[in-house]
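One structure below.
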Amino acid sequence: MGYYVELIDFNAKLLEKDFDEAYRLMCDLNNDNSNKTGGRYPREDKDGPHNGVWFAWMDWNYPETCNNVKEILTALGFEYFEHEDGIIPCSYNDKTGAEELFLNSIAHLWVPYNSHDGFGNALDPFFAWRGEDGGMWRIRYADGNAIEESAVIVWE
């Protein structure tokens, strides 16, 4: 069981100069068990990381098994491409886990891959998603905040 999602559009880049901070912030997520969706049941009510609870599809001790932000993104299920000054997560097509939580934990670090659309409008960094039931949404990053937006499709 699970809900499959696919990354359908993106405009977010993580600059190489921010890799260490992103890695630290993503590793810090492991200290709070309240957002973890995987684990043994009955759930063990212990503080801090332990092998009884984890983020879905991740090792319970991923800060020890992932050496950098690229390895964390890969463990989450992302593919990315290397850009001249950073990386751009460009593909995800799997069951939903904690990918949005991890992306949102570094909201203030995302920069737009393309700064303007084809009409001269400034673009914020974002990731757009489609769920297995056809629902679509995107997470836009503005002023260090993660803003969830719903899709509206108009057929003409």
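The values are calculated or read from the model by the stated rules, or taken from the named source; none is laboratory data. Everything numeric in this text was worked out from a predicted model, so none of it was measured. Glycine also receives a Cβ, built like all others from the backbone with ideal geometry; neighbour counts cover every protein chain displayed. Surface accessibility is based on the protein's heavy atoms, side chains included, excluding ligands, DNA and RNA. Shrake-Rupley method; radii C 1.70, N 1.55, O 1.52, S 1.80 Å.
List of remarks:
To keep it simple, each residue is scored yes or no on (1) open to solvent by less than 20 Å² (accessible area, probe 1.4 Å); (2) under 22 Å from Asn145 (Cβ atoms).
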| position | (1), (2) |
| --- | --- |
| Arg40 | no, no |
| His50 | yes, no |
| Glu71 | no, no |
| Asn93 | no, no |
| Leu109 | yes, yes |
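- Some residue of region 75-84 being on the phi > 0 side of the Ramachandran plot and out of contact with any Lys or Arg (no Cβ under 7 Å at 6 or more places or on another chain): yes
- Test: residue in region 33-52 that is aromatic (Phe, Trp, Tyr) and within 17 Å of the chain's Cα centre (by Cα): no
- Note on region 22-38: residues that are open to solvent by 60 Å² or more (accessible area, probe 1.4 Å) and not charged (D, E, K, R) total 4.
- Odd one out for Tyr113 among (1) touching a residue at least 60 places away in the same chain (Cβ under 8 Å); (2) in contact with an Asp or Glu (Cβ under 9 Å, 6 or more places away or on another chain); (3) aromatic (Phe, Trp, Tyr): (2)
- Here Ala122 clears all of (1) modelled with pLDDT of 95 or more; (2) open to solvent by 50 Å² or more (accessible area, probe 1.4 Å); (3) of a type outside the set (Val, Ile, Thr) except the condition numbered (1).
- For region 35-44, the count of residues that are aromatic (Phe, Trp, Tyr), out of contact with any Asp or Glu (no Cβ under 7 Å at 6 or more places or on another chain) and closer than 30 Å to Glu82 by Cα is zero.
- Residue list for region 125-146, restricted to those being surrounded by fewer than 13 Cβ atoms within 10 Å (Cβ to Cβ) and within 11 Å of the chain's Cα centre (by Cα): none
- Answer from Ser150, Ser115 - the residue that is open to solvent by 40 Å² or more (accessible area, probe 1.4 Å), out of contact with any Leu (no Cβ under 7 Å at 6 or more places or on another chain) and of a type in the set (S, T, N, Q): Ser150
- Here Ala107 qualifies as at pLDDT 95 or above and either in contact with a Cys (Cβ under 8 Å, 6 or more places away or on another chain) or among the hydrophobic types (A, V, I, L, M, F, W, C) (or both).
- In the set (1) under 13 Å from Ala12 (Cβ atoms); (2) free of Cβ contacts under 8 Å to residues at least 12 places away in the same chain, Ala142 fails one condition alone, (2).
- Glu79 meets the stated requirement of being open to solvent by 70 Å² or more (accessible area, probe 1.4 Å) and touching a strand residue (DSSP E or B) at 6+ places or on another chain (Cβ under 7 Å).
- Scope region 5-21; condition open to solvent by 90 Å² or more (accessible area, probe 1.4 Å) and either at pLDDT below 95 or out of contact with any strand residue (DSSP E or B) (no Cβ under 7 Å at 6 or more places or on another chain) (or both); matching residues: Lys17, Asp20
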